[in-house]
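Report on the structure given below.
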Amino acid sequence: MTSPQALYEGKAKIIYATPDSQILRAYYKDDATAFNAQKRGSITGKGEVNCTMSSYLFQKLEVAGIPTHWLGQPSPREMLVRAVKIIPLEVVVRNIAAGSLCLQTGIPVGTPLEEPLVDFYYKDDALGDPLLTPARIQLLRAATPEQLEGLTQLSLSVNHYLSQFFRECGITLVDFKLEYGVDDQGQLLLADEISPDTCRLWDANESDPERRVMDKDRFRKDLGQVEEAYQRVLEQVLAHC
Ligand code: TMP
Ligand code: ASP
């Protein structure tokens, strides 16, 4: 039997067609990149952790009223998803200052934000995924004003749900990145993944700024024990019922 042709290979996933044109299969790799792929490596077991955790959270979010692309998880590294037209925006929601927000504003790391901050980035590796303004989003026709409002409201709802969920798991949701697609009917569906690759997750019971990190920042900043942190996040998430 010949292996199916990949439709697209990204930094962390390979997307395959299925016999049903409305359904795609995402294969989650262990490959890890940071700083627009200038840093490359591998995190053993990451594919399984990210696929399983995303599957679990997409199902929870569906029940909470957030439409997602998730259809099933036929194996630990494979996710079946609805074929959607991906909106070329990365939506970042921030609850606590960290990462690029601190670098670009001087706000100290760890400062709680009075209100969640929603930032939009252009999904374009060649440009380095730049931060956009609403006016630039219109200029690029990356999303309509109605879609932008929908993305903002959905992302705030996801943040509301996930912040409480992770709190109950003993984890602080610092910030995270979401991607969305549009289905045949023009409905926005939450897409991509929700994992330690795409969230900043801090151990709520640890105050040490390095030891508390349970996400991809361990890889980005060479903090060590990356695999262990990913496995711990998955265990704590799955232990939540
Ligand atoms: P940032 O502080 O570097 O802008 O990252 C904000 C959040 O977005 C953080 O949780 C990590 C996530 N993220 C991605 O998922 N992919 C990316 O390419 C980048 C830069 C950040
Ligand atoms: N998307 C980033 C990259 O290009 C990874 C990251 O910092 O999360 O490699």
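Before moving on, here are some points about what is shown:
- Residue in the range 92-101 that is surrounded by 19 or more Cβ atoms within 10 Å (Cβ to Cβ) and assigned to a helix (DSSP H, G or I) present: yes
- Condition check for Phe219: crowded, with 17+ Cβ neighbours inside 10 Å and in contact with a Leu (Cβ under 6 Å, 6 or more places away or on another chain): no
- Considering the range 177-233, the residues that are at positive phi and of a type in the set (Asp, Glu) include one that is farthest from the chain's Cα centre (by Cα), namely Asp222.
- The set of residues from the range 125-151 being part of a helix (DSSP H, G or I) and in contact (Cβ under 8 Å) with a residue 60 or more places away in the chain comprises Asp125, Gln147, Leu151.
- Single match in Leu156, Leu162, Leu238 (criterion: at pLDDT 95 or above and farther than 30 Å from Asp124 by Cα): Leu238
- Filtered residue count, the range 119-177, keeping only those that are of a type in the set (Gly, Ala, Ser) and touching a strand residue (DSSP E or B) at 6+ places or on another chain (Cβ under 8 Å): 6
- For Val174: the one exception among (1) within 16 Å of ligand 2 (Cβ to nearest atom); (2) hydrophobic (A, V, I, L, M, F, W, C); (3) open to solvent by less than 40 Å² (accessible area, probe 1.4 Å); (4) closer than 30 Å to Arg25 by Cβ: (4)
- Scanning the range 28-47 for residues that are in contact (Cβ under 8 Å) with a residue 12 or more places away in the chain, in contact with a Ser or Thr (Cβ under 9 Å, 6 or more places away or on another chain) and open to solvent by 50 Å² or more (accessible area, probe 1.4 Å) turns up just one, Asp31.
The values are calculated or read from the model by the stated rules, or taken from the named source; none is laboratory data. Remember, predicted model here, so these are calculated numbers, not experimental data. Heads up, the Cβs are rebuilt from the backbone with ideal geometry, glycines too, and the neighbour counts pull from every protein chain shown. Areas reflect the complete protein model, heavy atoms only, side chains present, ligands, DNA and RNA absent. Shrake-Rupley method; radii C 1.70, N 1.55, O 1.52, S 1.80 Å.
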